[in-house]
Amino acid sequence: MKLSTEYSPVEVEDKWYAHWEAKGYFHSEPDEREAFSVVIPPPNVTGMLHMGHMLNNTIQDILIRKAKLDGKNACWVPGTDHASIATEAKVVRMLREQGIKKSDLTREGFLEHAWEWKEKYGGIILQQLRKLGASCDWDRTAFTMDEERSKAVMQVFVDLYNKGKLYRGLRMVNWDPEAKTVLSNEEVLYKDEQSHIYHVRYQIEGSEDFVTIATTRPETILGDSAIAVHPDDSRYTFLHGKRAIVPLVNRSIPIIFDEYVEREFGTGALKVTPAHDVNDYEIGKRHELEVIEVLNDDGTINENGGLAHYVGKSRFKVRTEIVKELESSGNLVEIKPYAHNVGRSERTNAVVEPKLSLQWYVDMKSLAEPALEAVMTDEVEFFPKNQKNVYKHWMENIRDWCISRQLWWGHQIPAWYYEDEVFVATTAEEALYQARAKTGNHELEISDLRQDEDVLDTWFSSWLWPMSVFDEFSTKEEIDYYYPTSVLVTGWDIIFLWVARMIMAGYEWKHERPFKHVYFTGMVRDQKRRKMSKQLGNSPDALELISQFGADGVRYGMLSSSPAGGDLLFDEKLVDQGKKFCNKLWNALRMFKNLEIDDSLETPIENKLAIEWFEQKKSAILNDLASNFDQYRLSEALVSLYSFVWTDFCSWYLEMVKPDYEKPIDSYTYEKSMDLFEDLCLMLHPFMPFITEEIWHKLKDRKEGEDCMNGSWPKATSYDKEIIAKVEKAKDVISRVREIRNKNGIKKNEPLSVLVEESKGAQDLLAVNGVKEILIKLAVLSGIEWVSGEPEKSVGFLSGTEKYYVEIEQEIDVEAEKEKLEKDLAHAEGFVNSVEKKLSNERFVNNAPEAVVAMEHKKLADGKERVRIIKASLEKL
RNA sequence: GGGAGAUUAGCUCAGUUGGUUUAGAGCACCUGCCUUACAAGCAGGGGGUCACUGGUUCGAGUCCAGUAUUUCCCA
């Protein structure tokens, strides 16, 4: 078998993905095995693969592939959500480029364009996930607006309404004037922005006195309906019972007294605009103030403000103009720079406008209760745990969920109005039936009813995802088998938007948790810890990365530095390390494949020890992996595999069993090595599926369907710690000899003679079959002999409590040697002192567990032995 | 303003119930090697009073309190 010295992922990855898919390995049907199900956090249908997706989906793929190897029936359901705001914005933009205005279209006409767009571009991201190796069950691909999912949304809406957990209410909402829709609190991002605070004076009615207020939004004075001051503020007691005149508008408004006002802030006097500020709205309710809406839905000023020359102009333009006008009228006292928190729409970045509006709300209190309980008792278990606090705080302060969105793309709210009545039903026919019954008017037709124009928040469909994706096949068997799902993998940034609501929905309709575990990933950030985003342009192109480093390399890079919940500072070096790791594996394969196998050869004794050692070590690693997987310490699992492959397998095992140059290998060693390599492939497969599949097929002749992806996870057995410890000791001796070569400029292949001082430790070590041979082979020795006392012309070293000497020709640098020994001595004595101190403490000896005390005695004995040996060496010098 | 976390090597992070030879990894750094699996490599090395101050304990990187710095969440 001729193999290139470099592994090239490109051909390999596409080949194996097509093979797995053709074999149907990704598809799952219920059967007698234990189910392991995962629903993908549905990316936006407008989405393109970015770093966050890669991290998130790599983790899911690892869990799914591991579950498959463990013999479970793994099912990973892919899909997308319809992303109301983002998609509608995209479609509107596309139409505008074609010269079509949304307002020129009917709702049906617009939706036709939107679906067309969806069919054409939606789901690109699902194609991209294949490049990453994602083993999704593509037959189950779901969409939040497809028939099954939509049906679920309608049913749930009606059910909540009938239970009285859904209502329509006039509330202050977050209004996005650009998208012209309401936003939930979670969709508004607050940031400190530099702006100005304006001090404006209002004349007191019937006097020449003024009261000065401070505001950041002078344009809203058009909607002012009061001035408020603190009742205990002595500066303003004279204002009792007075009224003020709104500048420019010349409207007379009351001066009210309310404890909400902060005396220290600004001038201590506050203008009150109930229609355009949440707090002012509350004050307005207390004092029964007039509510004057001066803004249109698109953020322009309307005629209610009473100043015709501002009508139709944007709020920002009016702010500039009104400041000028206030200045010329003598009402502007001063302008100060001011930093304050400004809320912007997550989608359009428009400054969010508080607006009074009639919307549908979900009453969250009763939904939250079981969902909070479930997480607090770990029935739904969070990884990492600290997210429980965040969740608890939100759930205990939960507010009702505004679910109407003033858009067309989405699930139109199943509520029909007739006169003052509202009829909520899954279909228009059903609503009509209700309307006829209620009104007694049997002549009513559907056309007499008016359906709510709004659509539902996208999350109102995604919160049903773990249930709705399994309804597709509409037999109960599906959902009974796969629900609750095993684990949800998602970023902590959508814990409220999505995770919390799914838990609520699970308990509300299935009376059961939607998933057993939630794994919160961190955010992918750049080297400066900035979140990766399109705006910053600091995110590498995901597909470009894959083609440059291979999917396995990228997966390695994404994961190797990403503990659960911890942020991942992305660095191309990490994926490059992954690529190098692939190359390392590849070359280990090449080493074996270049060898000639000789059946007649005896197996060298050092090979038997190497094989034995590696098998034991493998069991140890498998045990570590098991606990790492249990606790979702995936990056740690990968790190341990990395060092097991690179250090233990390549640097040590291979060097131990490798025959001399151009010599053949014995067949036992070869077969055993293939078995071990095969296990390595299985262990690495969840993390790096492509290269492991490729190597798997090159290791042995495989039967049809005998694939790595389809294999069984190697069994962890109890293992012999003793043999591992002995080989570790041997490795230490080898390293020490190499160090002496390095320091003395002795060539690597020049055989050296090593002498060992007789001791129990050394005897035990060399008594192990194969140890002596391994030392000779890897340290390149001419021989190992026993000695007592320091030999001439030699350099000594200490390994554990054993003293070794390397005979060398070179002149020995006595001073340097002395210096080093003195340093070692200081260290060893310091160690002995600390242990002695511990052991001389009676309370320690009496209170500490026996095993701990025994260990301290052993430490002391070993330490003293080392001190003795170093002192002896120093004396000789 | 309220809350949660973080602080361990130059950088990024592990360190699991307090005890396992006076702290580990990767990267970076230094030295020597183009040795027939791999220079995308090999061998070896240096580098840390575990933020600070106190406390609990026989014993603290690990538990508690305070301080400093810092990140995030909520308002």
Restricting to region A:337-383, count the residues that are within 27 Å of the chain's Cα centre (by Cα), farther than 22 Å from A:ALA86 by Cα and in contact (Cβ under 8 Å) with a residue 24 or more places away in the chain. 13
Among all residue pairs at least 6 apart or on different chains, which show Cβ distances below 8 Å where the first residue, located in region A:575-603, is among the basic types (Lys, Arg) and the second is surrounded by fewer than 17 Cβ atoms within 10 Å (Cβ to Cβ) and modelled with pLDDT under 95? A:ARG590/A:LEU3; A:ARG590/A:THR5; A:LYS593/A:MET1; A:LYS593/A:LEU3
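Examine region A:291-298 for a residue that is under 16 Å from A:ILE221 (Cβ atoms), part of a loop (DSSP other than H, G, I, E, B) and among the polar types (S, T, N, Q), and state whether such a residue exists. I'd like the intermediate steps shown before the answer.
Here is the first cut: in region A:291-298, the residues under 16 Å from A:ILE221 (Cβ atoms) are A:291-295.
Narrowing further to those that are part of a loop (DSSP other than H, G, I, E, B): A:291-294.
Pick out the ones that are also among the polar types (S, T, N, Q) and you get none.
Checking region A:291-298: not a single residue is under 16 Å from A:ILE221 (Cβ atoms), part of a loop (DSSP other than H, G, I, E, B) and among the polar types (S, T, N, Q).
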A:ASN833 passes all but one of the listed conditions (1) within 11 Å of RNA strand B (Cβ to nearest atom); (2) assigned to a loop (DSSP other than H, G, I, E, B); (3) polar (S, T, N, Q); the exception is number (2)
Can you tell me which of (1) within 13 Å of RNA strand B (Cβ to nearest atom); (2) surrounded by fewer than 12 Cβ atoms within 10 Å (Cβ to Cβ); (3) closer than 14 Å to A:SER873 by Cα; (4) not hydrophobic (A, V, I, L, M, F, W, C) is the one A:GLU815 doesn't meet? (1)
All but one of (1) surrounded by 15 or more Cβ atoms within 10 Å (Cβ to Cβ); (2) at pLDDT below 95; (3) farther than 20 Å from A:GLU728 by Cα; (4) near RNA strand B (Cβ under 9 Å from one of its atoms) hold for A:ASN587; which doesn't? (2)
Test A:ASP61 against the criterion of being in contact with a Ser or Thr (Cβ under 8 Å, 6 or more places away or on another chain) and part of a helix (DSSP H, G or I), and give yes or no. yes
Picking from A:LEU765, A:LEU821, A:LEU874, the residue that is farther than 27 Å from A:LYS608 by Cα and surrounded by 18 or more Cβ atoms within 10 Å (Cβ to Cβ) would be A:LEU821
For region A:455-494, which residues satisfy the criterion of being among the aliphatic types (A, V, I, L, M) and surrounded by fewer than 19 Cβ atoms within 10 Å (Cβ to Cβ)? A:ILE494
On the basis of being more than 10 Å from RNA strand B (Cβ to nearest atom) and in contact with a Cys (Cβ under 8 Å, 6 or more places away or on another chain), does A:ASP552 make the cut? yes
Go through the residues of region A:646-657 one by one and say whether even a single one is surrounded by fewer than 18 Cβ atoms within 10 Å (Cβ to Cβ) and more than 10 Å from RNA strand B (Cβ to nearest atom). no
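Would you point out which residue out of A:VAL727, A:VAL733 is assigned to a helix (DSSP H, G or I), within 11 Å of RNA strand B (Cβ to nearest atom) and crowded, with 18+ Cβ neighbours inside 10 Å? Steps first, please.
On the way: A:VAL727 fails: within 11 Å of RNA strand B (Cβ to nearest atom).
Only one candidate passes the filter, namely A:VAL733.
Just name the residue that is surrounded by the fewest Cβ atoms within 10 Å (Cβ to Cβ) out of those in region A:527-549 that are more than 11 Å from RNA strand B (Cβ to nearest atom) and in a helix (DSSP H, G or I).
Result: A:GLU544.
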Among what's in region A:185-207 and is of a type in the set (S, T, N, Q) and in contact with a Phe, Trp or Tyr (Cβ under 7 Å, 6 or more places away or on another chain), pick the residue that is farthest from RNA strand B (Cβ to nearest atom). A:GLN203
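The values are calculated or read from the model by the stated rules, or taken from the named source; none is laboratory data. Since the structure is predicted, the reported quantities are computational estimates derived from the model, not experimental observations. Virtual Cβ from ideal backbone geometry, glycine too; neighbours counted across all protein chains shown.
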